[in-house]
1. For the stretch 175-188, which positions are closer than 17 Å to Leu88 by Cβ and within 17 Å of the chain's Cα centre (by Cα)?
2. Given the conditions (1) crowded, with 18+ Cβ neighbours inside 10 Å; (2) under 17 Å from the mean Cα position of the chain (by Cα); (3) not basic (Lys, Arg), which single one is not true for Ala203?
3. What about Ala186, is it out of contact with any Ser or Thr (no Cβ under 6 Å at 6 or more places or on another chain) and either in the same structural domain as Leu99 (by TED's automatic domain parsing) or touching a residue at least 40 places away in the same chain (Cβ under 8 Å) (or both)?
4. Is it the case, given these coordinates, that Ile25 is in contact (Cβ under 8 Å) with a residue 24 or more places away in the chain, of a type in the set (A, V, I, L, M) and under 20 Å from Glu79 (Cα atoms)?
5. Among the numbered conditions (1) surrounded by fewer than 14 Cβ atoms within 10 Å (Cβ to Cβ); (2) closer than 16 Å to Ile188 by Cα; (3) among the acidic types (Asp, Glu), tell me where Glu51 comes up short.
6. On the basis of being surrounded by 13 or more Cβ atoms within 10 Å (Cβ to Cβ), in contact (Cβ under 8 Å) with a residue 40 or more places away in the chain and in the same structural domain as Asp95 (by TED's automatic domain parsing), does Arg193 make the cut?
7. Read through the list (1) in contact with a helix residue (DSSP H, G or I) (Cβ under 7 Å, 6 or more places away or on another chain); (2) under 18 Å from Leu220 (Cβ atoms), then give the number of the only condition that Ala19 fails.
8. Only residues that are of a type in the set (Asp, Glu), in a loop (DSSP other than H, G, I, E, B) and within 20 Å of Ala155 (Cα to Cα): list them for the stretch 96-122, please.
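The values are calculated or read from the model by the stated rules, or taken from the named source; none is laboratory data. If you're wondering where the values come from, they're calculated on a predicted model, not measured in any experiment. Cβ sites come from the backbone with ideal geometry, for glycine too, and all protein chains shown count toward neighbours.
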Amino acid sequence: MSSAAPQVTIILPTYNWSAVLPFSIASALGQSFQDFELIVVGDGCTDDSAEVVASIGDPRVQWVNLAANAGHQSGPNNEGLRRARGALVAYLGHDDLWLPHHLACLVAAVDSGADMAFGFVRMVPAEPKLQRAALAERYLPGMWIAPTATVHRRALTERLGGWRSYRDLAVDPETELWSRFHAAGARIAPVKRLTAVKFPAAARRGVYRERPSHEQAAWLARIRGEPALEAVELARAASEMATAAREQPFRTLVGQVLRRGTRGMARRLGWREARREPGEAVTRRRALKGLEPIPNMPGEPG
């Protein structure tokens, strides 16, 4: 590893799914922007992830494994931040992929004055007909942005603190972190390019038991072999959004009727509307993915 600090530290959190690592890491190594280090942080991995990472053979790629499983990428991300040498930090989901211009576009946005930048993400649910793009014209407090889509100045987490445990939050840790950045005056800028592809594990029931990698293999082949991939996928996303917009009035009306009916019934029965408990959403998604519950820490309730 070079003694000179790289401009970007890529943090790649992972847990016992070594089959996807060659594809996500390859998408990072295939960036047009090359001044980076890549820290793969195992969340208490017990599989062959260490051997898979070692086989990559690039001195910029490092492996570290947490002693205990944190149950969410917030734990590995904090370890990556602790080890980071770059002035900028990027996150890459272990089952996600970047297009080759991802880092170049987001780093340019930060160099132009942003404290955090995020690109468009192509979401790939389990059902192809439901494919959609996560497109945002601007950041609004409370907005969910996939960590895979982001780059931020490391100074932000040094000043404001890192990732908080999902156990302590009623929202996703990334949503809380971006909101904390914004509340502190950070400039958060969208980059209007498709830069990443995400495969939401919660949409793939039991995926951590099966641990497939065929989708990542197919999409990485497309990224490498289709020069017009970005334009094609943005066009598809625009078509899907137009269709959703036409259907939205009916869906909104039905949703309002259902919500009002449920609230009215709850009032008549003396029920209170359910509130999301800290850690509830992440715990539910872990079960959908096929992950075991994380035992309570000493001093935690129930």
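1. Leu177, Trp178, Phe181, Ile188
2. (1)
3. Taking the combined requirement at face value, the residue satisfies it.
4. In short, yes.
5. Looking at each condition in turn, Glu51 falls short on (2).
6. yes
7. The one condition Ala19 does not meet is (1).
8. Of everything in the stretch 96-122, just one residue is of a type in the set (Asp, Glu), in a loop (DSSP other than H, G, I, E, B) and within 20 Å of Ala155 (Cα to Cα), namely Asp115.
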